[in-house]
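The values are calculated or read from the model by the stated rules, or taken from the named source; none is laboratory data. All figures in this text were calculated on a predicted structure; none of them were measured in a lab. Cβ: placed from backbone, ideal geometry, glycine included. Neighbour counts: every protein chain shown. Side chains included, ligands, DNA and RNA excluded: accessible areas come from the protein's heavy atoms. Shrake-Rupley method; radii C 1.70, N 1.55, O 1.52, S 1.80 Å.
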Amino acid sequence: MIKKKFIRGEKYSHEDYIQLSISEMNKSKSEHVDKKDPKVGAVLVTPDGKYFDKSHRGELRIGDHAEFTVLERKNIGVDLTGYILYTTLEPCVKRNPPKKGCAYRSINARLGKIIIGHQDPDPTVAGKGIKLIKKEKIEVEYYDRKYEKLIAEANREFFRQAEQRAYKEKENNLIYESNSIDEPLKNHNFNDLSEEALNELINRIDLPYKLDSKAFISYLNKMGLIVYDDIADTLNPSGLGLLLLGKNPSTEFPQARIKFTIRRENLDPIIKDFDGPLILLPEKIGEYLEFIFPKGFTRSSFQRSENVESSYSAILEVIMNAIVHRDYSIQGARVLIEIEDDKILVSSPGKPISPMEKLNSFTAPSFSRNPKIAYIFHEMKYVEERGFGMEELSRLEKDYGLPKPTFELDGNILKTTIYRIPNKDINKPTAKSLRALPYLLQHESLTSKAYSEITGVSPRTAQRHLNELVSIGKAKKEGKGPSTIYSKK
């Protein structure tokens, strides 16, 4: 992938180090013949950004992880305090004794920052390495989405097998600790889980289990949805399990409700709340969106139908991802969806994992605050990607001439704005002209020249679009000729 020669002590770019780690990843050597091993590359950089060393899995000894190789095999005794590690895969936590997980080796090396290319693909452990590293005050950053995709493609078969291992039956092999986003809920028991939600989980993912089987109990336990209390000999839902599968999650998480507000000109707003098990909400919300936007959604596939407003699929993607990636520890903060004629605002509690500039440039990777929820929603086909649906959002401007969706952080609330063509006008002759409305709302005022430069339409077309907004009462204008200013009304 990269042909540049790297010299120790020389400084290279962030992109160079990422590309070098991926090049190393592709050199990885597998030690097994009966299963796929991950391909991992690592690059070590000094605190002031100078190249120091690199490695790949199995480089010096078959079976050795890339991080272990570069930290301890190649640089034993070297003080690596504050160094930066680029690694294509989230550092592991557990290994068979006497071996230690790479997350612990990174902590012991006193690294200052770890930049990670892809989250652990095993849904039962994803995110543990990152949490452990952050707990020890090591800064964590992530590769851009385009590199994350390259890593996923190179490890496709390993990722598939890692996910399959989560389904493997291990009857009577219960885990005694909680790995969920919350501790086990001692005041709840297994009967507080919804039979409808449990069946939906089995049927939609096509799990090879029956509802009352020991194998299904084992699966829920390994996924951290229930936790076995060996002293009381009881099964308690974790906070995660109650959120996803509980009959009434709002008893512990009232903030898990989803609130819709539909604002219409000259009419009172319509307010609708959704609660209950998270995995049942997509169908309910899809049904509601069908009502709001006739012909807009096909709930069975959650895909856009033929004659539908261009922003619909992006709307659903953002709503689903708000449910998946929000911070459920923030009390009193719900996911809010505000629908207006010209735009939709989705507010999701919790600061995003990726920097805001990566969100607004649509390069954010698919790392999730709640990897198990992300995994389950992906497997149930409620989200297209395990991230923010960057590809879907980025197409709105290019394919449909709408303004780019925007992300902004208001305190600890992530707000996503999607601009849209009013559904009521979609088949009217002025539909193309109404595409000017979101731009006008975004910029507050425009000249025809500015609108032409933003959208790429001809100056004459720009003037016609803006004048038609004036004629239908959506805009007002001041001045004459090329200096005429159009502003929202």
Quiz item: Within the stretch 346-371, whose backbone N sits under 16 Å from a point 7 Å along Cα→Cβ of Glu391?
Solution: 362-367
Quiz item: Among residues other than Ile271 whose Cβ falls under 13 Å from its Cβ, what is the net charge (Lys/Arg +1, Asp/Glu -1)?
Solution: +3
Quiz item: Separation between the Glu283 and Val33 pseudo-spin-labels, each 7 Å from Cα along Cα→Cβ, expressed in nm?
Solution: 4.8
Self-check item: Charged-residue dipole, Cβ positions (Lys, Arg, Asp, Glu), the stretch 40-136 about Cα centre, Debye nearest 20
Solution: 240
Quiz item: Considering only Cα-Cα distances, which of the following residue pairs are longer than 30 Å: Lys149/Lys222; Lys35/Lys74; Lys4/Lys381?
Solution: Lys4/Lys381
Quiz item: Do any GluC sites (Glu not before Pro) in the stretch 95-144 lie in a DSSP loop with no more than 16 other beta carbon atoms within 10 Å, and if so, which?
Solution: Glu136
Quiz item: In nanometres, what is the gap between the two model label sites at Lys186 and Asp229, each 7 Å from Cα along Cα-to-Cβ?
Solution: 0.7
Quiz item: Taking a probe of 1.4 angstrom, what is the accessible area of Ser213 in Å², to the nearest 10?
Solution: 30
Practice problem: Name the shape class, rounded, prolate or oblate, that the alpha-carbon gyration tensor gives for the stretch 89-156, where a ≥ b ≥ c are the square roots of its eigenvalues, rounded holds for a/c under 1.5, and otherwise prolate holds if a/b is larger than b/c and oblate otherwise. | Solution: oblate
Quiz item: To the nearest 0.05, how large is the calculated FRET efficiency for Arg61 and Leu207 if R₀ is 41 Å and r is the Cβ-Cβ distance?
Solution: 0.60
Exercise. With a Förster radius of 35 Å, plug the Cβ-Cβ distance of Lys480 and Lys50 into 1/(1 + (r/R0)^6) and report the FRET value to the nearest 0.05.
Key: 0.05
Quiz item: Between Arg73 and Lys146, 0.36 nm times their residue separation minus their Cα-Cα distance comes to what?
Solution: 23.2 nm
Exercise. Name the residue farthest towards the positive end of the dipole of the chain from the options Val33, Val383, Ser13, assuming +1 on Cβ of Lys and Arg, -1 on Cβ of Asp and Glu, about the Cα centre.
Key: Ser13
Quiz prompt | Distribution of pairwise C-alpha distances over the chain, 10 Å bins, in % | solution = 4, 17, 24, 23, 17, 10, 4, 1, 0
Quiz item: At a Förster radius of 30 Å, what calculated FRET efficiency corresponds to the Cβ-Cβ distance of Asn96 and Ile330, to the nearest 0.05?
Solution: 0.20
Quiz item: Roughly how many Å² is the accessible area per residue of the chain, as a whole number, for a 1.4 Å probe?
Solution: 47
Quiz item: Once phi is turned into θ = phi - 60°, what whole-Hz ³J(HN,Hα) does the Karplus curve with 6.51, -1.76 and 1.60 give for every residue of the stretch 283-288, x standing for Gly and Pro?
Solution: 5, 5, 5, x, 5, 5
Quiz prompt | Per-residue ³J(HN,Hα) for the stretch 76-82, Karplus 6.51 cos²θ - 1.76 cosθ + 1.60, θ = phi - 60°, Hz, x for Gly and Pro | solution = 4, x, 7, 6, 9, 4, x
Quiz item: Taking a 1.4 Å probe, which of Cys92, Cys102 shows the most accessible area, and what order do the others take after it?
Solution: Cys92, Cys102
Exercise. May I ask you to list the residues of the stretch 20-49 whose amide nitrogen lies under 20 Å from a point 7 Å from Cα along the Cα→beta-carbon direction of Asn108?
Key: 42-45
Quiz item: Once the piece of chain linking Val470 and Lys4 is laid out straight, how much longer is it, given 0.36 nm per residue of separation minus the C-alpha distance between them?
Solution: 162.0 nm
Self-check item: Cα-projected label distance for Lys398 with Ser13, points at 7 Å along beta-carbon direction, nm
Solution: 2.0
Quiz item: Any idea of Tyr228's accessible area? Nearest 10 Å², probe 1.4 Å.
Solution: 40
